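The values are calculated or read from the model by the stated rules, or taken from the named source; none is laboratory data. Just so we're clear, the structure is a prediction, and the values are computed from it rather than from any experiment. Neighbour counts are summed over all protein chains in view; Cβ atoms, including those assigned to glycine, are modelled from backbone coordinates with ideal geometry.
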Amino acid sequence: MNFSLSDSPPPSRDINPNPYLHPLPYEKRLINRRQIWAANRFWMEMYNMKTRRYGRKGPHHWYKLLLMMKAFKLILRLSGLYNKGMRNSANIKLQDISLYFPNLPKAFQGFTILHLSDLHLDGMKGLEDRVLGLLENRTVDLCVLTGDYRTGLHGLHKDIIGTLKYLIDNIDSRQGFIGVLGNHDSCHMVNPMEKIGIHMLINRTCLIHRGDEQIQCIGTDDVHYYYTDQALYALEHAQDYFSIALIHSPELYDKAAKMGVDLYLCGHTHAGQVCLPGGTAIIKHLNRGGKYYRGHWQYQKMQGITNSGVGTSGIPVRFNTQGEILIHHLNRQPV
């Protein structure tokens, strides 16, 4: 794999050495941003703090949502719809999406990106094998993972890392794997994920090379629960290259477009997961950008994809939505 990673931390035992990882000149810093981020994220996780843009913060009331989900699960069981919802959630589709950009470097014509989001690997038994079955005999240039690898907000993650390793070990990605965290993930998962071969972009940038040309991936921390201005700093140089933003939710869409991002890849919403007929979401779990809760969308000059997710959140059911695995095909805009 051929990466150049910015804001590279000082050598330490918890970062895998890689001859292809080099700091970008404008991102060299005397202070290790990741250590600052980790301390701040750990504090927010420990005290169940939810931070939003413009300085708003407060406790997230996860226990209220849990009570609502338990009540909904009981209603589904009593109505006989629970098993149908489980069957719906297991019906995952693989979809190829062709995207066109006037400024895509010529060397990246036809570049393929496997986009996995909201795996919630502990929420549905055998999910990883269903994913691999759909991807059998498929090879991609790059695999990106846009957060939420587990179902709970707290607790151990060893089993999740093991399942994730099994999954990526069996995916054929020429230039490797890049990931970001979601609101269900912990800061303690970053180093274990890097050790199994996923380059975690936590408010960092990564150049991907093909010959003499490059495109840039920009990853941020989750901006739904754990927003900090470091997410904006990571986007500062989006205009320097053709840029792909990997952000767990679509809630930073306006800032990303303003800073010059070309393609915004996200998830988080599960496309509503439980929707009314026609796909109208009852709950979107978004503070901003509600109209971008699913599918392919455009804001100003920036294109976006909100993945409906592979797994499910809370209850392993879906109604009027479908889990998905996406393969994006990048193309130069036809003249």
Note on segment 36-51: residues part of a helix (DSSP H, G or I) and closer than 13 Å to GLN230 by Cβ are ILE36, TRP37, ALA38, ALA39, ASN40, ARG41, MET44
Determine if segment 217-238 includes at least one residue that is touching a residue at least 60 places away in the same chain (Cβ under 8 Å), in contact with a strand residue (DSSP E or B) (Cβ under 9 Å, 6 or more places away or on another chain), aromatic (Phe, Trp, Tyr) and in a loop (DSSP other than H, G, I, E, B).
-> yes
Out of the residues in segment 116-147 that are within 12 Å of LEU330 (Cβ to Cβ) and not β-branched (Val, Ile, Thr), which is surrounded by the most Cβ atoms within 10 Å (Cβ to Cβ)?
-> LEU142
When only residues in segment 286-315 that are modelled with pLDDT under 95 and in contact with a Phe, Trp or Tyr (Cβ under 7 Å, 6 or more places away or on another chain) count, which is surrounded by the most Cβ atoms within 10 Å (Cβ to Cβ)?
-> GLY289
Could you check GLU194 against (1) at pLDDT 95 or above; (2) under 13 Å from the mean Cα position of the chain (by Cα) and say which number it fails?
-> (2)
Which residues, counting only those in segment 284-316, are touching a strand residue (DSSP E or B) at 6+ places or on another chain (Cβ under 7 Å) and within 21 Å of LYS84 (Cα to Cα)?
-> SER308, VAL310
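Listed here are the residues, each with its yes/no results for (1) closer than 25 Å to ASN331 by Cα; (2) modelled with pLDDT of 95 or more.
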residue: TYR225; (1), (2): no, no
residue: LEU232; (1), (2): no, no
residue: GLN239; (1), (2): yes, no
residue: ILE247; (1), (2): yes, yes
residue: LYS255; (1), (2): yes, yes
residue: LYS258; (1), (2): yes, yes
residue: VAL261; (1), (2): yes, yes
residue: TYR264; (1), (2): yes, yes
When both residues are 6+ apart or on different chains and their Cβ atoms are under 6 Å apart, which pairs have a first residue that lies in segment 57-74 and is small (Gly, Ala, Ser), and a second that is assigned to a helix (DSSP H, G or I) and at pLDDT below 70?
-> none
Counted residues, segment 265-305 - those being hydrophobic (A, V, I, L, M, F, W, C), touching a Lys or Arg at 6+ places or on another chain (Cβ under 9 Å) and in a loop (DSSP other than H, G, I, E, B) | 0
Residue tally, condition outside any helix (DSSP H, G or I), touching a Lys or Arg at 6+ places or on another chain (Cβ under 8 Å) and hydrophobic (A, V, I, L, M, F, W, C), over segment 95-112 = 3
Conditions (1) touching a residue at least 60 places away in the same chain (Cβ under 8 Å); (2) surrounded by fewer than 21 Cβ atoms within 10 Å (Cβ to Cβ): number failed by ILE247 | (2)
Give segment 107-139 a look and list any residue that's modelled with pLDDT of 95 or more and more than 21 Å from GLN322 (Cβ to Cβ), or say none.
-> ALA107, PHE108, GLN109, GLY110, PHE111, THR112, THR139
Selection count, segment 189-216, where residues are farther than 19 Å from ARG34 by Cα and part of a strand (DSSP E or B) | 7
Would you mind stating whether TYR264 is within 18 Å of the chain's Cα centre (by Cα), closer than 14 Å to HIS115 by Cβ and not aliphatic (A, V, I, L, M)?
-> yes
Checked segment 91-110 for anything within 22 Å of the chain's Cα centre (by Cα) and among the charged types (D, E, K, R); matches are LYS93, ASP96
Within segment 306-335, track down each residue that is assigned to a loop (DSSP other than H, G, I, E, B), farther than 16 Å from LEU94 by Cβ and touching a Lys or Arg at 6+ places or on another chain (Cβ under 6 Å).
-> ILE315
In segment 208-229, is there at least one residue being touching a Pro at 6+ places or on another chain (Cβ under 9 Å), of a type in the set (A, V, I, L, M, F, W, C) and more than 27 Å from MET46 (Cα to Cα)?
-> yes
Within segment 148-188, can you find the residues that are outside any helix (DSSP H, G or I), modelled with pLDDT under 95, crowded, with 18+ Cβ neighbours inside 10 Å and touching a helix residue (DSSP H, G or I) at 6+ places or on another chain (Cβ under 8 Å)?
-> ARG150, HIS157, SER186
Can you name the residue in segment 115-144 that is touching a residue at least 60 places away in the same chain (Cβ under 8 Å) and outside any loop (DSSP other than H, G, I, E, B) and, of all such residues, is farthest from the chain's Cα centre (by Cα)?
-> LEU134
